[in-house]
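See below for the structure under consideration.
The values are calculated or read from the model by the stated rules, or taken from the named source; none is laboratory data. Being a predicted model, the structure only gives us computed values, none of them experimental. Virtual Cβ from ideal backbone geometry, glycine too; neighbours counted across all protein chains shown.
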Amino acid sequence: MTRQVDGGGRAEKAERRMAAARALGLWDKVVAEGWGSLTSRETGSIGAFITHRLHNDQSGEDGEKH
C-alpha cells in the first residue's frame, strides 16, 4: 500500500522547491540561468529532498518509521 502525501497548493510547492534548491546549493544557478538550466540529476535531487522532508514531517518529530 502506498501512502499519499499532500503536497499543498501551488505557492507552497514553489516555496518548497526554492527552499530545496537553496539547501542543495543550486539556487544561484536557478537565479542566474533559470529552472531549465538544471540537469536531470539536479532536479531529481530537489524532488528527493522535498519527498524526504514531506515524509519526515508526516512521520513526526521522533523519527519513527511508518
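With respect to Gly25, determine if the residue is part of a loop (DSSP other than H, G, I, E, B) and modelled with pLDDT of 95 or more. Taking the combined requirement at face value, the residue satisfies it. Considering segment 32-65, the residues that are part of a helix (DSSP H, G or I), surrounded by 11 or more Cβ atoms within 10 Å (Cβ to Cβ) and aliphatic (A, V, I, L, M) include one that is modelled with the lowest pLDDT, namely Leu54.
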